[in-house]
Amino acid sequence: MTIYLDYNATTPALPEVADLVYRMMVDDFGNSSSRTHEFGIAAKQAVEFARTQVANVVQVDKAEVIFTSGATESNNIAILGLCEFAEANDKKHIITTKIEHKSVLEPIKHLQTQGFDVTYLNIGKDGQVNVNELKAALRDETCLVSIMHINNETGSIQPITEICQILSSHEAYLHVDAAQSFGKYPFDLDNQRIDFISASGHKLFAPKGIGALIMRRRGFIKPPLKPIYFGGGQEKGLRPGTLAVPLIAGFGLACELAQNNAQKWCEHVAGLKAKLMDSLRALEAEFNGNNTSPYVLNFSVPGVNSEAAMVMLKGIVAVSNGSACTSSSYSPSHVLSAMGLSQEQIDGSIRVSWSHQTTAVPSDEICRIIKELL
């Protein structure tokens with residue numbers, strides 16, 4: 001039986017989450033906007049309870065949580081929703097990095113076509129942004145800084161606390177794409193200087209199609225986001241459309257379970273990672289990125305092509321060689337390219353990712369198969 005080791009791409013719903021979603025679809029199926037009967041009232045209560053569960057992960061008020069279809073939509077709202085404010089206040093400068101997810105890079109690229117100026121921060125071979133470069137890039141007209149928390153390909157953890165310190169005396173809004181960390185990696189995101197946080201349910205053992213955008217107030221002032229599409233007025237008019245109550249309830253429960261178990265989960269997966277790294281060192285493997293999440297390992301073995309390795313590993317483990325969102329493209333990883341890795345290292349990169357559900361990684365078997373390709 002193949003062992004699933006591609007949790008950075010997606011996670012299975014936890015059994016208790018799936019049970020709740022099923023019940024909300026079949027029994028408690030009311031529309032949360034229907035307030036004239038008990039079915040709608042119960043649905044509304046379920047949504048608000050889940051909103052509190054999500055808010056608790058990063059210590060915000062539940063009113064600062066907007067439900068979306070996932071981190072991609074959250075990223076788009078956080079970036080494109082500031083456009084009107086930026087234009088009205090002559091603040092059309094954005095800072096981001098070269099290793100962001102496409103759901104950040106592409107909305108920003110769109111704004112470039114609308115006259116926005118964008119600074120793309122360089123990334124070192126360690127996979128991290130240089131905070132001094134960020135500090136030097138800030139201008140009076142900088143409206144937004146968008147930097148992910150944990151990279152989806154390498155797991156490199158960005159210095160969010162230092163970034164917040166640099167921005168402490170600047171008015172620019174800070175957006176953090178936390179798709180790979182929300183709930184699972186309980187550090188940094190409770191920093192009050194972070195204005196927007198994007199989260200995704202299917203990275204956190206909830207169903208696909210649900211996520212959230214956290215919008216922290218500055219004092220009592222809400223961020224000046226505007227909707228990017230219209231109709232219905234749900235979610236304070238920022239994200240219209242009938243709320244997916246079953247998915248929202250499931251996401252809320254997943255957030256609560258993650259918050260209660262995050263430390264234990266991190267300790268478990270760190271042990272899995274250490275064992276695999278020890279085995280790979282015998283093959284002189286190169287580990288791509290430093291200060292990386294315990295949930296993922298990206299590595300290259302000199303002389304081994306990742307596509308060939310994955311073919312050989314089929315039936316044993318399910319791994320990947322990059323982002324699931326761009327897996328249909330044969331272009332080199334923009335993340336590894338931005339880190340300045342050699343073409344051989346990029347072509348040989350393999351991403352292995354796991355979770356608290358992973359009881360063991362067949363490290364010896366993985367290394368035995370890769371060794372056959374040398």
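The values are calculated or read from the model by the stated rules, or taken from the named source; none is laboratory data. All values reported here derive from a predicted model rather than from experimental measurement. Don't worry about glycine lacking a Cβ; one is built from the backbone with ideal geometry, like all the others, and counts go over all protein chains shown.
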Next on the checklist: Looking only at residues that are surrounded by fewer than 16 Cβ atoms within 10 Å (Cβ to Cβ) and in contact (Cβ under 8 Å) with a residue 60 or more places away in the chain in the stretch 233-244, which one is farthest from Lys62 (Cα to Cα)?
Outcome noted: Thr242
Checklist outcome for this item: Exactly one of Pro362, Pro332, Pro302 is surrounded by fewer than 21 Cβ atoms within 10 Å (Cβ to Cβ) and within 26 Å of Leu14 (Cβ to Cβ), and that one is Pro362
Item to check | Meets criteria (farther than 22 Å from Ala13 by Cα, of a type in the set (Val, Ile, Thr), out of contact with any strand residue (DSSP E or B) (no Cβ under 7 Å at 6 or more places or on another chain) and part of a loop (DSSP other than H, G, I, E, B)) for Val311 | outcome: no
Checklist entry - Taking Gln59 and the conditions (1) in a loop (DSSP other than H, G, I, E, B); (2) of a type outside the set (Asp, Glu); (3) buried (at least 21 other Cβ atoms within 10 Å of the Cβ), which numbered condition does it fall short on, given that it satisfies the others? => result (3)
Checklist entry - Taking the stretch 330-347 on its own, how many of its residues are farther than 14 Å from Ser320 by Cα and either small (Gly, Ala, Ser) or in contact with a Lys or Arg (Cβ under 6 Å, 6 or more places away or on another chain) (or both)? => result 6
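Residue-by-condition table, conditions (1) buried (at least 19 other Cβ atoms within 10 Å of the Cβ); (2) under 18 Å from Gly30 (Cα atoms):
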| position | (1), (2) |
| --- | --- |
| Lys203 | yes, no |
| Met215 | yes, no |
| Ile228 | no, no |
| Leu247 | yes, yes |
| Gly250 | yes, yes |
Checklist entry - When you scan the stretch 330-374, how many residues do you find that are part of a strand (DSSP E or B) and among the polar types (S, T, N, Q)? => result 1
Checklist entry - Gly209: in the same structural domain as Val176 (by TED's automatic domain parsing) and either of a type outside the set (Asp, Glu) or at pLDDT 95 or above (or both), yes or no? => result yes
